[in-house]
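Okay, so here's the structure we're looking at.
The values are calculated or read from the model by the stated rules, or taken from the named source; none is laboratory data. Fair warning: this is a prediction, and the values are worked out from it, not measured in the lab. Note that we place each Cβ from the backbone using ideal geometry, even for glycine, and neighbour counts take in every protein chain shown.
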Amino acid sequence: MAANTTPAVQPGFVRSFVLPALSIFLVPVLSLAFFLHAQSQFNAMARESILQSIQNDATMTPEQRQEATAFFQSVPVSTLMRDPEFAANFDKGAVFDFATFHWMIQISFWSIVGGIAVLALAGFCVIISHWSQAVQYRSLVVGWHVLRWYAAAQTIAVGILLVALSFWVTALWMNVYSVKLIGVAGILAVLSVGAIIVAIFRNPKSEFTVEGLVIDDSTSPYLWRDLTEICDNVGTEPPDQVIAGIDDNFFVTERDVKVGDKTVSGKTLFVSLSLLRHLRAGEAVAVLAHEMAHFSGQDTLYSNKVSPLLERYGAYLQGLEQGGITLPAYYFMLCFRALFELSLRKLSRSREFRADGIATQLTSPQDMAGALLRIAAYSSFRAKVENELFSTERVLDSAQIADQIEDGFPDFCRSFADDPAVTEVRTAHPFDTHPPMQQRLAAVGVDCTTDAVRGLLMLPPDSRWYHNISDAENLEQQQWDAFEEKFRRFHEQSLPYRFLPASVEEQVVVETAFPALSFAAKDGTLTIDYEKVHDSTWGEAIHFSNISNCTLQEQNRLLIQSEQGGKRKHLIAFKRFEKALQKEILDAFQRYYGRHLAAVAWHKQKESVAPDAEPA
């Protein structure tokens, strides 16, 4: 089965991750080649000088001269320079040069060797991470610690090499050196090392927030009684708490969860009131048994261990990406992260198949398949309703999303069942990646034909588990009311960014959010409104629709190029205004012009969608 095999590394993956990762060897390899070349040249010059001295030494016998000549021709001066007595015969500058070459060669060589070793270790960690969740976690721990310290060491090494190259490349080949170039290289090295040190010790604090209400056994004893029975059959302890909400999924976690004004710990089960309303009893049991199987398989335990590591890894990558010369280390670590993602997905899918199998044994293939299909259909329909409502270009008096879903879901199920693409649908989940529907249905032994899918979706729900929750209707309605009000406010806030006003009503919406602004200077006034900017020194206003380019220049000036009446340039010199107003003017221009660009993009998107196409 596809979900149980290791995904092949595609050419696009190689171009996107593997090849950039190899850039970590670029500076060390070039440095090794250059400093070996430099050392060779200095060896040749020093050898010629020494041989000339031997030839000119009248105190030496022919045999001594021949023996000394043979020795210095066979042993490089750079090797002899490591002997303090030999080095004492040369001036300090020459000794320092040879020492520099020696250490740059050593740093380059061991950087390359270290990179190969770490690459092999990372590859080994990725390979064995496919074996089990325990091995996956341990391999991630090893890979993370080795890679982050290797990246730091490599960045320090690259910084040293770049500073050395900035002097020696020009000094060796052009007999000059640039203090400015050396300074820039040094500053980059220091900044990059600083960035990577900060990234190493950065510990991002993430908070997992869930909208819902905690349902305890005193208020909903029937829910907890039946849930405990499922847990006994699955072979796991009941969750520490159940949270009931209106999201379109079910999930379990062992992460700390913030719900309302408190944070709960331990094992948490989230149940969707809206989905329970549309499920048959057997389907609800299948879903809950599937979730409890994640507890019995220690899936949530290892997810809770892996997630903080991945968050720290992500924060570290962000620091490397912004660190200048740390980019090669960033690509190197990004490659490992991308390869490790293949392992995460493989085991995530494997545990989904395992949980599906346990739930099927406890109920039936039809119950499991019906639950998967009904949840997928509900999620698709809810997204459709919300997208269509959000696309409405008028102020909404109310959203009424729940009512639209309730009224239209039965008819949508019929069209959903007839869609051949239904077998490729994946159910949503906050932590795991789910296999395509076709694979999951086949794994539980259910036919994927249209008739079979329609038959399962057309069975009427009994909502038994919904009614196991005391006062479920009131709890659900309260949450829908809050969600719909947030949705309505967010929709209303988005309207000014959609309109290129074509009516008085649209203009009022935009001007309410973007009223005309006026900024006074000694020699005139600058005004900005939703459609144009005007400086009294220009003579005419410039409409945002005619602006072709904006450039913030030195000396605190904004150059605006427009196509209004031919190609023209207009300048806003911020120094004409009081210092307190200068940043305010720039921010205002960016907001108002940005609003115009957002509205243009919205209209282009609308025009690109075919009239009979559904909103994305």
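Here are the numbers for the structure shown:
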{"quantity": "Index of the failed condition, A580 passing every other in (1) at pLDDT below 90; (2) more than 30 Å from E554 (Cβ to Cβ); (3) in a helix (DSSP H, G or I)", "calculated": "(2)"}
{"quantity": "Filter result for H290 (buried (at least 22 other Cβ atoms within 10 Å of the Cβ), touching a Pro at 6+ places or on another chain (Cβ under 7 Å) and not charged (D, E, K, R))", "calculated": "no"}
{"quantity": "Condition broken by L188, with the remaining ones in (1) part of a helix (DSSP H, G or I); (2) closer than 30 Å to S470 by Cα satisfied", "calculated": "(2)"}
{"quantity": "Yes/no for A383 being crowded, with 18+ Cβ neighbours inside 10 Å and either small (G, A, S) or more than 30 Å from F295 (Cα to Cα) (or both)", "calculated": "no"}
{"quantity": "Residue count, segment 440-475 (criterion: of a type in the set (A, V, I, L, M, F, W, C), within 15 Å of L223 (Cβ to Cβ) and not in a loop (DSSP other than H, G, I, E, B))", "calculated": "3"}
{"quantity": "Search result, residues across segment 455-468 that are within 38 Å of the chain's Cα centre (by Cα) and either farther than 30 Å from P420 by Cα or of a type in the set (D, E, K, R) (or both)", "calculated": "W465, Y466"}
{"quantity": "Filter result for the condition that a residue is closer than 24 Å to S166 by Cα, crowded, with 17+ Cβ neighbours inside 10 Å and at pLDDT below 90, over A38, A46, A68", "calculated": "A46"}
{"quantity": "Members of segment 365-379 that are surrounded by fewer than 22 Cβ atoms within 10 Å (Cβ to Cβ) and over 28 Å from the mean Cα position of the chain (by Cα)", "calculated": "P365, Q366"}
{"quantity": "Residue in segment 425-437 that is crowded, with 20+ Cβ neighbours inside 10 Å, part of a helix (DSSP H, G or I) and at pLDDT below 95 present", "calculated": "yes"}
{"quantity": "Where L301 falls short, out of the listed (1) surrounded by fewer than 19 Cβ atoms within 10 Å (Cβ to Cβ); (2) farther than 24 Å from D356 by Cβ", "calculated": "(2)"}
{"quantity": "Residue identified as outside any helix (DSSP H, G or I), out of contact with any Asp or Glu (no Cβ under 7 Å at 6 or more places or on another chain), touching a residue at least 60 places away in the same chain (Cβ under 8 Å) and not polar (S, T, N, Q) among G319, G314, G324, G357", "calculated": "G324"}
{"quantity": "Any chance V126 is closer than 30 Å to Q298 by Cα and in contact (Cβ under 8 Å) with a residue 24 or more places away in the chain", "calculated": "yes"}
{"quantity": "Test: residue in segment 23-32 that is modelled with pLDDT of 90 or more and surrounded by fewer than 13 Cβ atoms within 10 Å (Cβ to Cβ)", "calculated": "yes"}
{"quantity": "Filter pass, Y592 being part of a helix (DSSP H, G or I) and of a type in the set (S, T, Y)", "calculated": "yes"}
{"quantity": "Single match in S192, S206, S166 (criterion: farther than 27 Å from Q318 by Cα and among the small types (G, A, S))", "calculated": "S166"}
{"quantity": "Segment 528-563 - residue that is within 37 Å of the chain's Cα centre (by Cα) and among the acidic types (D, E) and, of those, nearest to F577 (Cα to Cα)", "calculated": "E554"}
{"quantity": "Residue in segment 37-55 that is outside any helix (DSSP H, G or I) and in the same structural domain as A151 (by TED's automatic domain parsing) present", "calculated": "no"}
{"quantity": "Subset of segment 257-287 that is in contact with a strand residue (DSSP E or B) (Cβ under 9 Å, 6 or more places away or on another chain) and β-branched (V, I, T) - its residue that is surrounded by the fewest Cβ atoms within 10 Å (Cβ to Cβ)", "calculated": "T263"}
{"quantity": "R488 being in the same structural domain as T392 (by TED's automatic domain parsing), charged (D, E, K, R), more than 27 Å from L372 (Cα to Cα) and within 36 Å of the chain's Cα centre (by Cα)", "calculated": "yes"}
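Okay, residues lined up against (1) touching a residue at least 40 places away in the same chain (Cβ under 8 Å); (2) not hydrophobic (A, V, I, L, M, F, W, C):
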| position | (1), (2) |
| --- | --- |
| E229 | no, yes |
| V234 | yes, no |
| D240 | no, yes |
| D247 | no, yes |
| D256 | yes, yes |
| K267 | no, yes |
| L275 | yes, no |
